[in-house]
Amino acid sequence: MLQKLNQSASDEAGQQVEVWDLPIRLFHWAFACLTLAALLTGFYAPEWWLDRHLLIGAGLGGLLVFRIVWGFAGGRFARFSSFAYSPRALFTHLRRMLSGAPEHHLGHNPAGAMMVFALLLMVALMGISGLLALGGVEKEGPLAWLVDFESGWLSLRLHRFGAYLIAAMLVLHVAGVILQSRLEGQNLARAMITGRKRLLNEHLPPRIHKQLSRTDVAARNRSSVRPGRALAFALFLILTLAAFLEALSGLPVRGARALTMPASFRSECGDCHMAYHPALLPAASWRAIMDGLEDHFGEDATLDEAIRAEIERALIANSAETWDTKASHFFRVVDPAEPKRITRTPGWRARHAAIPAKVFKQKSIASKSNCGACHRDARRGTFADRHISIPAPRPGKEIAKASSSNSAKERTK
Ligand code: HEC
Ligand code: HEC
């Protein structure tokens with residue numbers, strides 16, 4: 001009798017059994033694609049692709065919510081509890097893996113499980129550091145009320161570091177899958193497509209009266225899905241998160257405000273060029289400009305003294321030192337030789353170094369000082385990445401590429 005049961009048990013071994021349910025498989029590949037897309041747009045896309053990068057981030061956030069829900073209400077092998085191994089189990093697994101005789105696990109093995117948790121955590125942290133950077137540097141998003149520029153800049157650097165870490169983890173993950181596939185003699189990547197893994201003898205439980213057959217494994221996997229619980233949990237998470245982010249987005253932005261300038265400013269200083277936002281230069285530069293209007297970059301821009309003093313006061317009250325926007329930080333330090341020029345500040349030059357001189361000369365732009373030609377939000381002084389657009393004739397790919405590698409350098413600085 002015993003022998004016969006053992007016999008049927010090993011008959012079952014070697015057959016394919018569904019381990020990964022469809023939602024988990026879809027999740028896995030969507031998560032992989034979006035993570036890659038986030039890395040690529042983060043590292044290689046030009047500044048004005050930030051919107052798309054954010055959209056990808058939002059998609060990853062949605063997938064994270066799903067995975068958390070499914071980790072509590074999904075099939076047996078998707079449940080976090082089914083692969084919450086101890087560090088010791090992980091260690092044993094790795095040791096045996098390296099010695100070429102790994103244990104087999106029908107669901108996630110300890111190394112794979114570790115990778116699942118680590119990647120989910122890292123991507124969540126990337127979302128948080130990304131939102132902190134967005135709030136502090138761009139003054140946008142749900143955390144714009146919270147973070148100042150300096151902390152936003154630091155978050156951006158951490159975000160970047162995290163991206164390298166994730167890239168390294170992905171390489172490790174793929175290497176682990178290849179190694180384990182070789183050792184087990186089955187293609188684990190394909191198993192994540194078909195959902196089926198081979199049932200090995202040792203997957204069958206030792207106590208025969210509790211023996212699981214192939215159909216049992218699949219049936220048990222399916223029957224542990226709790227669709228009602230999953231839906232309720234997902235709705236709860238999404239609604240709370242949405243309400244929370246919505247409420248935060250309504251708070252006043254830190255370090256930025258609506259600009260109020262005397263009417264004379266727009267008419268007098270917006271005549272020959274755009275009326276520059278006062279946050280683009282420090283107070284000392286505005287003072288120098290307003291004290292030398294009779295020779296204003298070769299032009300005579302002299303004003304009635306009352307108006308001149310009124311504009312100077314307003315410029316100084318709103319100078320770079322009084323704002324926390326990225327432009328105010330980038331151009332706060334001027335070129336000592338030409339303290340009156342925004343376009344001579346080291347910050348301006350570094351950020352526009354990749355743009356060929358002939359682009360600035362093209363008809364639709366005419367001058368470096370014509371910020372509004374390429375920055376749709378120049379008047380507001382925000383210079384948000386998503387509002388950058390170089391007018392036609394659009395420069396070729398080399399600018400997009402050069403300027404993004406330039407910004408990459410800037411960001412890591
Ligand atoms: C008569 C025309 C005229 C008026 C009026 C005028 N500007 Fe200018 N401004 C110029 C010219 C020309 C330049 C140099 C632009 C260039 O090199 O492309 C310039 C450049 C500047 C720059 C430096 C831009 C850069 O390249 O970094 C600032 C700042 C500036 N003006 C501020 C002001 C302010 C403030 C007022 C109002 C008090 C004002 N301008 C009024 C003609 C004018
Ligand atoms: C030919 C179009 C063009 C003109 C004119 C121009 N810019 Fe830019 N600016 C760009 C581009 C493109 C970038 C993005 C560069 C990069 O990828 O780092 C940029 C970046 C910036 C940034 C940094 C954005 C960030 O987050 O890194 C600021 C701030 C900025 N410009 C301010 C100005 C100001 C102020 C002026 C006018 C005095 C100006 N720009 C004129 C094209 C222009």
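Would you mind checking which residues have amide H under 5 Å from HIS296's amide H? H placed 1.01 Å from N; only 5 or more apart, or other chain.
ALA301
Run lengths n ≥ 4 of DSSP H only: what is the helix-derived mean residue ellipticity at 222 nm for the chain, with -39500 (n - 2.57) per run over all residues, to the nearest 500?
Values: 16 runs with 232 residues, N = 413.
Rounded to the nearest 500, the figure is -18500 deg cm²/dmol.
When the accessible area of the chain is computed with all protein chains present and a 1.4 Å probe, what percentage of it is carbon and sulfur? Numbers along the way, then the final one.
Details: 14230 of 22260 Å².
Percent of accessible area from carbon and sulfur atoms in the chain: 64.
Could you tell me which of rounded, prolate or oblate describes region 263-412, using a ≥ b ≥ c as the square roots of the eigenvalues of the alpha-carbon gyration tensor, with rounded for a/c under 1.5 and, failing that, prolate when a/b is larger than b/c and oblate otherwise? Numbers along the way, then the final one.
Numbers: a/c = 2.02, a/b = 1.62, b/c = 1.24.
In terms of gyration-tensor shape, prolate.
Taking Cα centroids, how far is region 365-391 from region 241-255 in Å?
Region 365-391 and region 241-255 have Cα centres separated by 27 Å.
Could you tell me which of rounded, prolate or oblate describes the chain, using a ≥ b ≥ c as the square roots of the eigenvalues of the alpha-carbon gyration tensor, with rounded for a/c under 1.5 and, failing that, prolate when a/b is larger than b/c and oblate otherwise? Provide the component values of the computation, followed by the final result.
Numbers: a/c = 3.79, a/b = 2.91, b/c = 1.30.
Taking the square roots of the gyration eigenvalues as a ≥ b ≥ c, the chain is prolate.
Note down the relative contact order for the chain as a percent, whole number, built from C-alpha pairs under 8 angstrom at least six residues apart. Don't skip to the end; give the middle numbers.
Working: 520 pairs, mean separation 84.4, N = 413.
Answer for the chain is 20 percent.
Which residue, ALA247, ALA314, CYS371, has the largest displacement toward the positive end of the dipole of the chain when charges sit on each Cβ (Lys, Arg +1; Asp, Glu -1)?
The residue sitting most towards the positive pole is ALA247.
Convert each backbone phi in region 65-72 into a coupling constant with the Karplus relation 6.51 cos²θ - 1.76 cosθ + 1.60 (shift: θ = phi - 60°), then list the ³J(HN,Hα) values in order as whole Hz, x for Gly and Pro.
Working through the residues one at a time gives 4, 4, 5, 5, 4, 5, x, 10 Hz.
Just to verify a number: FRET efficiency for LEU165 and ASP335, C-beta to C-beta distance, R0 = 51 Å, to 0.05?
Numbers: r = 37 Å, r/R0 = 0.73.
Once rounded, the FRET efficiency stands at 0.85.
May I ask you to evaluate 6.51 cos²θ - 1.76 cosθ + 1.60, the Karplus curve with θ = phi - 60°, for each residue of region 346-363 and list the ³J(HN,Hα) values in order in whole Hz, giving x for glycine and proline?
x, x, 5, 5, 4, 6, 10, 4, 7, 8, x, 4, 5, 5, 5, 7, 4, 3
How much FRET efficiency would the formula 1/(1 + (r/R0)^6) give for PHE72 and ARG257, where r is the Cβ-Cβ distance and R0 is 30 Å, rounded to 0.05?
Values: r = 44 Å, r/R0 = 1.47.
Approximately 0.10, to the nearest 0.05.
Hey, can you grab everything whose amide H is under 5 Å from the amide H of GLN16? Only 5+ residues off in sequence or another chain; H modelled, so Pro and N-termini drop out.
LEU199
What accessible area per residue, rounded to a whole number of Å², is obtained for region 263-412 using a probe radius of 1.4 Å? Don't skip to the answer; put the middle values down first.
Details: 7620 Å² over 150 residues.
Value returned for region 263-412: 51 Å² of accessible area per residue.
Taking only protein heavy atoms into account and a 1.4 Å probe, give the accessible area per residue of region 45-183 in Å². Let's see the in-between values first.
Details: 6640 Å² over 139 residues.
Per-residue value: 48 Å².
Calculate one ³J(HN,Hα) per residue across region 32-41 by plugging θ = phi - 60° into the Karplus curve 6.51 cos²θ - 1.76 cosθ + 1.60, and present them in order as whole Hz with x for glycine and proline.
For region 32-41, the Karplus curve yields 4, 5, 5, 5, 4, 4, 5, 5, 5, 5 Hz.
The values are calculated or read from the model by the stated rules, or taken from the named source; none is laboratory data. None of these values were measured; they are calculated from a predicted model. Cβ: placed from backbone, ideal geometry, glycine included. Neighbour counts: every protein chain shown. Side chains are part of the model used for accessible areas, which takes the heavy atoms of the whole protein and leaves out ligands, DNA and RNA. Shrake-Rupley method; radii C 1.70, N 1.55, O 1.52, S 1.80 Å.
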